[in-house]
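Encoded as structure tokens, the structure appears first; notes follow it.
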Amino acid sequence: MSDFTYAVDADGVAVITWDVPGKSMNVLSREAFVLVEEFIDRALADDAVKGIVITSGKETFAGGMDLNTLATIRQESGDNPAQGLFDFTMNGHRIMRKMERAGMDAKTNKGGKPVAAAITGTCAGIGTEIALATHRRFMADNPKAKIGLPEILVGIFPGGGGTTRFSRMVGAMAASPVLLEGRMMAPKAAKMAGLIDEVVPAGELLAKAKAWVLSATDADIVKPWDQKGWKMPGGAPYHPAGFMTFVGASAMVNAKTQGVYPAAKALLSAIYEGALVPFDTALKIEARWFTNVLMNPSSSAMIRSLFINKEALEKGANRPDVADERVSKVGILGAGMMGAGIAYVSALAGIDVVLLDQKQEAADRGKSYAEGILDKGMQRKKVTPEKKAEVLGRIHATTDYADLAGCDLIVEAVFEDPGIKATVTKAVEEVVGEDCIFATNTSTLPISDLAKASKRPEQFIGIHFFSPVDKMMLVEIIKGAKTGDRAVAKSLDFVRQIRKTPIVVNDARFFYANRCIIPYINEGVRMVKEGVEPALIENAAKMLGFPLGPLQLNDETSIDLGVKIAKATKAAMGAAYDNDEADEVLFWLFDQGRLGRKSKAGFYAYDDAGKRTGIWQGLRDQYMQGGDQPELTTVQHRLMMAQVLEAVRALEEGVLEDIREGDVGAILGWGFAPWSGGPFSWLDIIGAPRAVEICDQLEKAHGPRFAAPSLLKELAKKGVGFYTPRASQAAA
Amino acid sequence: MADAYIYDAVRSPRGKGRKDGALHEVTSARLSADILNAVKDRNNLSGHAVEDVIWGNVTQVGEQGGCLARTAVLASDLDESIPGLAINRFCASGMEAVNLAANQVKGGAGQAYIAGGVEMMGRVAMGSDGAAIAVDPSIAMNTYFVPQGISADIIGTEYGFTRDQADALAVESQNRAKAAWDDKRFEKSIVTIRDRNGLSILDHDEYMRPGTDMQTLGALNASFQQMGEVMPGFDKVAMMKYPHLERINHIHHAGNSSGIVDGAAAVLIGSKEFGEINGLKPRARIRATAKIGTDPTIMLTGPVPVTHKILKDHGMAIGDIDLFEVNEAFAAVVLRFMQAFDVDPAVVNVNGGSIAMGHPLGATGAMIIGTLLDELERSDKEVGLATLCIASGMGAATIIERV
């Protein structure tokens, strides 16, 4: 069975149907593209064929290019991967241009055959680009369907002509948000944006497309840029109207990407340089920029972490081999913000929820938190009243433990106190079935210790959510010493149901995410104490691609929590604790009542409405002594290594078992420099020898916390990387 | 190596660079020709009198395109044997013309030049010639491009100048310009621009707003705040280049930035021999010239490194300079210059500057050299330094010495 099939109907319309066998969504492979060209050639050569409709045999149209293809081409091209990628891209242009010109005369633009796209459902990437190369795009009015060009989200940009075509269709100004944000749009919105031409009822899709093909004239199928006197909508770059668009676009993209996303710059450059030349030359320029992005290690890192590995983890890459453990009824203990958030996402996923708290009002408040989120969704027209009722209907707010009977999963989210947790664990186990899995949402207490309160420690596990639960993608699943496979499987299946990304780690203080985040925050605070200009610290972090600088992050997570964690950690670690320098600043702020955003005073100052107004000048007055400021790079290295070395140590110690989880978890958990693909990916990009060199410099200047871990030194010695453990791969 | 001397310096009055400006009806070529004729007439030049006309002009499109310098020569009474060279170093084009002329004389490439420039900002809008540095994404992003107003505000933020300080400098510029005009200090150099019937079109700098005070300036909104903080958000780009800055303090507005005007100026430069042959008395020696490239994001700090360079290259110290002309592109530019060299404001722009009188881009460089010379003579001082900041991060300077 081929990915594409060809059939000519009674009216002479050649229908090319995309239906990749064995896959739920169509992705384009190299071999399949060859087939597409063959079919186009066949249709154009056959006098009996009046025109072509390209459609899908699935409910969705296409998910894009098989991104592994790009990696394969690089490998195949031996010592000239750029040439291989460029040739591949140009070949794609050739095929789509052939379809777009459809056999019409080069000078008169007459005699071509109409080509329509009948888009059955969700359509992304190359699927959209193929559609853009047709003469008219019809999309089914499918409520779940979305169409767009999301390549930017995985570190590349639409390199199949989508950039050049769409910017020439609607102008640079209108095209930029679609291309730069990678927005996926519902059919009506896509039509308004100019991406598609008509939205039709699903049942009429093929008929409407065919009817158009049969009635289209020569004029209907010539693209605007192939017509004489065509002008770029909105103004070409040196036209007064276009000028400000481009100047503004560069500034906005520069500011937004902080200079660390090569794809955004490449995309803008392709649009600009392409706007100055004829269409086919513009495609070549687009191809050169596309190649350039693919050759940048950042894009392969992003594709690997944000596309390939994220999907693999969501589908249960490390799931033990046990039967389906999907959750039908979850009991949530504690209706605070975490518990309420977990209740909401569970109910949204169709799981029945028992939300239990000590007081009924607390339980009710938890349920209304879910209601609040649904109301906001209704305001934004994303949630219907029926949907809201359905979701809320699944949440049963109660104080009665007996209501927990029948739960196959318990998520404990009560106060962070071992005594209280133990009490609650025992109480619950009196009520639930023997097979029930008990999970704790603790962020600081060892799972194995908490498991001691359980009758069935092999069914006891940690499921650690991040706040706010409805927005944060990452969930840490933590195995206690005795945790068994079924508990892991149920946790993974649960996380999959609620559409989040799981990583599985072993029990250790702070697990994985906080283990990396806390040193990041502390390093920033240390630098404040050393007299570094706070703006430099924060901007250095942002220019590494972190969403928040360490000082702002501290304000968001609250300084009193930081103080609590510092005290508890010091008590537990004793002499080994080495963070007193940074703690001094924290305690100083705490003593003044500066607890962060919640008290409208922290590292930052806030106005009465709670809006951040800037770094609190008191910090500078207290700590800046007028000495030399460090180089930007040094500040960045410190902030980076503070996290990355913890990630490596977590791997060394066996807390983290899979570097893929380390990378994906870092990006989704705390926005770790997405452009790098994650901490291990970053180390591979700069290379272990360079990383060790940086560690040595930092260790000498700032202390043993920066000592290069043995694992890293080993990799440096062997000349390999985390993702390239064999020397031959590393050399490639 | 020969010496190069200034024999004469003339300028047009500066007209408002708007449709209602007095010079708006005059073409760029016509105004240029009028100034060239003034030089010719005042100095009795005839035939192949000078080697070249080097003519600064920034926005070289439309009527200012096609080597305007040569067109101006042909439109004037100068002999057709004199070629023309149109040059663009943005705001310092007029100075560059003078420097280029002087250095060619010194190098033995011709005995005399007319160097100057023109800009009709009301007729040919700034920026209408395009600029890849701002428009080409790879270049704009890689160089952290921000428009010059933002750059001026970065200077203010980085070097600690307040809105009040900027406004005070502006008020002073207005006061000094008025005093200079009242005292007829520009009389020697101003060329009244007349129509073909001899009727006066403009005889004074009409952009000035005497009586401007801190209150009037205080009422103006910071011009670059919106584009910096909101759309498209240039401040964030600035902070990528200068991450130690938490925010940009926007202090500049139309009242403390240079005015958009129309104008032209020319300087007659020649060797000693040229003067002797033509019976002309040299007024000053062009002692030194310099140009330099600097950080393009903060963009307008050029006067400081170029002054360091010109002094060092010629074995001089800041104390050797009696008078300064530092183009008032934006108040912070001048404040920074004075701060860097610890010079007395009383010897900087003593007859007012571009804030009060306007900055006709291609001409200003030549205008301030002329103004500097007139004031050196009037106040019987010896050595003057003129310098300008330049878009895309450059600086230019000229040192003249009375003879």
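Coordinate-derived values only; no laboratory data. Because the structure is predicted, anything quoted here is derived from the model rather than measured. Methodologically, a virtual Cβ is constructed for each residue, glycine included, from the backbone with ideal geometry; neighbour enumeration extends over all protein chains shown.
Out of curiosity, is A:ALA209 of a type in the set (A, V, I, L, M), touching a strand residue (DSSP E or B) at 6+ places or on another chain (Cβ under 6 Å) and either more than 11 Å from chain B (Cβ to nearest Cβ) or touching a residue at least 24 places away in the same chain (Cβ under 8 Å) (or both)? Quick ask: steps written out before the conclusion?
Values: of a type in the set (A, V, I, L, M): yes; touching a strand residue (DSSP E or B) at 6+ places or on another chain (Cβ under 6 Å): yes; either more than 11 Å from chain B (Cβ to nearest Cβ) or touching a residue at least 24 places away in the same chain (Cβ under 8 Å) (or both): yes.
Yes, satisfied.
Identify all residues within the stretch B:158-201 that are among the aromatic types (Phe, Trp, Tyr) and under 22 Å from B:VAL350 (Cβ atoms); write none if there are none. Spell out the reasoning first.
Our first condition is that a residue be among the aromatic types (Phe, Trp, Tyr); within the stretch B:158-201, this holds for B:159, B:161, B:181, B:186.
Within the stretch B:158-201, B:PHE161, B:TRP181, B:PHE186 qualify.
Counting only residues that are in contact with a Gly (Cβ under 7 Å, 6 or more places away or on another chain), give me the helices (runs of 4 or more DSSP H) lying completely in the stretch A:635-720 with at least 3 of them.
Details: elements: A:659-670, A:679-686, A:688-702, A:710-718.
Result: A:659-670, A:679-686.
State the number of residues belonging to the stretch A:585-610 that are within 14 Å of chain B (Cβ to nearest Cβ) and either surrounded by fewer than 20 Cβ atoms within 10 Å (Cβ to Cβ) or in a loop (DSSP other than H, G, I, E, B) (or both).
Restricting attention to the stretch A:585-610, the residues satisfying the condition of being within 14 Å of chain B (Cβ to nearest Cβ) are A:603-605.
Now drop any that are not either surrounded by fewer than 20 Cβ atoms within 10 Å (Cβ to Cβ) or in a loop (DSSP other than H, G, I, E, B) (or both), which leaves A:603, A:605.
Residues that pass the stated criteria total 2.
Out of the residues in the stretch A:588-613 that are without any contact (Cβ under 8 Å) to a residue 24 or more places away in the chain and touching a strand residue (DSSP E or B) at 6+ places or on another chain (Cβ under 6 Å), state the one that is farthest from B:ILE248 (Cα to Cα). Before the answer, list the steps.
The first filter runs over the stretch A:588-613 and keeps only residues without any contact (Cβ under 8 Å) to a residue 24 or more places away in the chain, leaving A:591-593, A:599-601, A:605-611, A:613.
Of the ones still in play, those that are also touching a strand residue (DSSP E or B) at 6+ places or on another chain (Cβ under 6 Å) are A:600, A:605-607, A:613.
Numbers: A:LYS600: 23, A:ALA605: 17, A:TYR606: 18, A:ASP607: 19, A:THR613: 13 Å.
Taking the candidates together, the pick is A:LYS600.
If A:ILE221 meets every condition in (1) over 29 Å from the mean Cα position of the chain (by Cα); (2) within 8 Å of chain B (Cβ to nearest Cβ) apart from one, which number is that one?
Condition (2) is where A:ILE221 drops out.
Go through (1) surrounded by fewer than 19 Cβ atoms within 10 Å (Cβ to Cβ); (2) closer than 29 Å to A:GLN629 by Cα; (3) polar (S, T, N, Q) for B:GLN215 and report which single condition fails.
(2)
For the stretch A:49-71, state whether one or more residues are acidic (Asp, Glu) and either over 29 Å from A:LYS310 (Cα atoms) or in a strand (DSSP E or B) (or both). If you could, list the steps in order and put the result at the bottom.
Keep residues of the stretch A:49-71 that are acidic (Asp, Glu), which gives A:59, A:66.
Those still in the list that are either over 29 Å from A:LYS310 (Cα atoms) or in a strand (DSSP E or B) (or both) too: none.
No, the stretch A:49-71 has no match at all.
When you go through (1) assigned to a helix (DSSP H, G or I); (2) touching a residue at least 12 places away in the same chain (Cβ under 8 Å); (3) exposed (fewer than 14 other Cβ atoms within 10 Å of the Cβ) one by one for A:GLY627, which number turns out not to apply?
Unmet for A:GLY627, out of (1) assigned to a helix (DSSP H, G or I); (2) touching a residue at least 12 places away in the same chain (Cβ under 8 Å); (3) exposed (fewer than 14 other Cβ atoms within 10 Å of the Cβ): (1).
Could you pull out the residue among A:ARG509, A:ARG499, A:ARG526 that is more than 14 Å from chain B (Cβ to nearest Cβ), basic (Lys, Arg), more than 17 Å from A:ASP658 (Cβ to Cβ) and outside any loop (DSSP other than H, G, I, E, B)?
On the way: A:ARG509 fails: outside any loop (DSSP other than H, G, I, E, B); A:ARG499 fails: outside any loop (DSSP other than H, G, I, E, B).
A:ARG526 is the lone residue from the list that is more than 14 Å from chain B (Cβ to nearest Cβ), basic (Lys, Arg), more than 17 Å from A:ASP658 (Cβ to Cβ) and outside any loop (DSSP other than H, G, I, E, B).
Among the residues of the stretch A:281-309, count how many are farther than 21 Å from A:GLY162 by Cα and crowded, with 20+ Cβ neighbours inside 10 Å. Outline the logic, then answer.
Taking the stretch A:281-309 and keeping what is farther than 21 Å from A:GLY162 by Cα, we get A:297-298, A:301, A:304-306, A:308-309.
Now narrow it down to the ones that are crowded, with 20+ Cβ neighbours inside 10 Å: A:298, A:301, A:304-306, A:309.
Of the residues in that region, 6 qualify.
How many residues, within the stretch A:46-70, are touching a residue at least 12 places away in the same chain (Cβ under 8 Å) and either exposed (fewer than 15 other Cβ atoms within 10 Å of the Cβ) or over 24 Å from the mean Cα position of the chain (by Cα) (or both)? Spell out how you get there, then give the answer.
Of the residues in the stretch A:46-70, the ones touching a residue at least 12 places away in the same chain (Cβ under 8 Å) are A:46, A:48-70.
Retained after the next criterion (residues that are either exposed (fewer than 15 other Cβ atoms within 10 Å of the Cβ) or over 24 Å from the mean Cα position of the chain (by Cα) (or both)): A:46, A:48-59, A:68.
So the count comes out to 14.
Exactly one of (1) among the aliphatic types (A, V, I, L, M); (2) in contact with a strand residue (DSSP E or B) (Cβ under 6 Å, 6 or more places away or on another chain); (3) surrounded by fewer than 20 Cβ atoms within 10 Å (Cβ to Cβ) is unmet by B:LEU376. Its number?
(3) is the only condition that B:LEU376 fails.
In the stretch A:349-369, what residues are assigned to a helix (DSSP H, G or I) and surrounded by 24 or more Cβ atoms within 10 Å (Cβ to Cβ)?
Here is the first cut: in the stretch A:349-369, the residues assigned to a helix (DSSP H, G or I) are A:360-369.
A:ALA363, A:GLY366, listed by residue number.
Hand me the list of helices (runs of 4 or more DSSP H) wholly inside the stretch B:64-161 holding 2 or more residues that are over 23 Å from B:ALA363 (Cβ atoms) and either under 19 Å from the mean Cα position of the chain (by Cα) or more than 14 Å from chain A (Cβ to nearest Cβ) (or both).
Numbers: elements: B:68-75, B:93-106, B:132-135, B:137-142, B:148-159.
Result: B:148-159.
Output the number of the condition that B:SER81 fails; it satisfies all remaining conditions of (1) in contact with a strand residue (DSSP E or B) (Cβ under 6 Å, 6 or more places away or on another chain); (2) of a type outside the set (Lys, Arg); (3) surrounded by fewer than 19 Cβ atoms within 10 Å (Cβ to Cβ).
Here B:SER81 meets the rest and fails (1).
Among the listed residues B:GLY110, B:GLY160, B:GLY149, which satisfies the condition of being touching a residue at least 40 places away in the same chain (Cβ under 8 Å), on the phi > 0 side of the Ramachandran plot and of a type outside the set (A, V, I, L, M)? If you could, list the steps in order and put the result at the bottom.
Details: B:GLY160 fails: touching a residue at least 40 places away in the same chain (Cβ under 8 Å); B:GLY149 fails: on the phi > 0 side of the Ramachandran plot.
Step by step, each of B:GLY110, B:GLY160, B:GLY149 is checked, and only B:GLY110 is touching a residue at least 40 places away in the same chain (Cβ under 8 Å), on the phi > 0 side of the Ramachandran plot and of a type outside the set (A, V, I, L, M).
Could you tell me which residue of the stretch A:232-272 is farthest from the chain's Cα centre (by Cα), considering only residues that are outside any helix (DSSP H, G or I) and at the interface with another protein chain (Cβ under 7 Å from one of its Cβ atoms)? Show your work before the answer.
Going through the stretch A:232-272, the residues outside any helix (DSSP H, G or I) turn out to be A:232-239, A:258-261.
This time we only want the ones that are at the interface with another protein chain (Cβ under 7 Å from one of its Cβ atoms), so: A:237-238, A:258-259.
Details: A:PRO237: 32, A:TYR238: 36, A:GLN258: 18, A:GLY259: 19 Å.
Here the residue is A:TYR238.
Residues of the stretch A:217-258 being at positive phi and either of a type in the set (Lys, Arg) or surrounded by 19 or more Cβ atoms within 10 Å (Cβ to Cβ) (or both), which ones?
Of everything in the stretch A:217-258, those that are at positive phi and either of a type in the set (Lys, Arg) or surrounded by 19 or more Cβ atoms within 10 Å (Cβ to Cβ) (or both) turn out to be A:GLY235, A:GLN258.
On the basis of being in contact with a strand residue (DSSP E or B) (Cβ under 7 Å, 6 or more places away or on another chain) and either within 14 Å of chain B (Cβ to nearest Cβ) or in contact (Cβ under 8 Å) with a residue 12 or more places away in the chain (or both), does A:GLY671 make the cut?
Details: in contact with a strand residue (DSSP E or B) (Cβ under 7 Å, 6 or more places away or on another chain): no; either within 14 Å of chain B (Cβ to nearest Cβ) or in contact (Cβ under 8 Å) with a residue 12 or more places away in the chain (or both): yes.
Against the criterion (in contact with a strand residue (DSSP E or B) (Cβ under 7 Å, 6 or more places away or on another chain) and either within 14 Å of chain B (Cβ to nearest Cβ) or in contact (Cβ under 8 Å) with a residue 12 or more places away in the chain (or both)), A:GLY671 does not qualify.
Considering B:GLY255, B:GLY259, B:GLY228, which residue is out of contact with any Pro (no Cβ under 7 Å at 6 or more places or on another chain), more than 30 Å from B:GLY315 (Cβ to Cβ), among the small types (Gly, Ala, Ser) and within 14 Å of chain A (Cβ to nearest Cβ)?
Working: B:GLY255 fails: within 14 Å of chain A (Cβ to nearest Cβ); B:GLY259 fails: within 14 Å of chain A (Cβ to nearest Cβ).
None of the other options fit; the residue is B:GLY228.
Return yes when A:VAL34 is without any contact (Cβ under 8 Å) to a residue 24 or more places away in the chain and of a type outside the set (Ser, Thr, Tyr) and no when it is not.
Numbers: without any contact (Cβ under 8 Å) to a residue 24 or more places away in the chain: yes; of a type outside the set (Ser, Thr, Tyr): yes.
Yes, satisfied.
Considering each residue of the stretch A:460-478, count those that are without any contact (Cβ under 8 Å) to a residue 40 or more places away in the chain and either out of contact with any Phe, Trp or Tyr (no Cβ under 6 Å at 6 or more places or on another chain) or within 16 Å of A:SER346 (Cα to Cα) (or both), and give that number.
Step one: list which residues in the stretch A:460-478 are without any contact (Cβ under 8 Å) to a residue 40 or more places away in the chain, which gives A:460-461, A:471, A:475, A:477-478.
Okay, now just the ones that are also either out of contact with any Phe, Trp or Tyr (no Cβ under 6 Å at 6 or more places or on another chain) or within 16 Å of A:SER346 (Cα to Cα) (or both), so A:461, A:471, A:475, A:477.
Number of matching residues: 4.
Report, by residue number, each residue of the stretch A:563-584 that is without any contact (Cβ under 8 Å) to a residue 40 or more places away in the chain and either farther than 12 Å from A:GLU523 by Cα or outside any helix (DSSP H, G or I) (or both).
A:VAL563, A:LYS564, A:ALA566, A:LYS567, A:LYS570, A:ALA571, A:MET573, A:GLY574, A:ALA575, A:ALA576, A:TYR577
Checking A:LEU276 against (1) touching a helix residue (DSSP H, G or I) at 6+ places or on another chain (Cβ under 8 Å); (2) within 14 Å of chain B (Cβ to nearest Cβ); (3) farther than 26 Å from A:ALA117 by Cα, only one condition comes out false. Which one?
(1)
In the stretch A:384-413, how many residues are farther than 17 Å from A:SER346 by Cβ and assigned to a loop (DSSP other than H, G, I, E, B)? Even if it seems obvious, please write down each step before you answer.
Narrowing the stretch A:384-413 to residues farther than 17 Å from A:SER346 by Cβ: A:384-386, A:399-402, A:405.
Narrowing the set further to residues that are assigned to a loop (DSSP other than H, G, I, E, B) leaves A:384, A:399-400, A:405.
Of the residues in the stretch A:384-413, 4 are farther than 17 Å from A:SER346 by Cβ and assigned to a loop (DSSP other than H, G, I, E, B).
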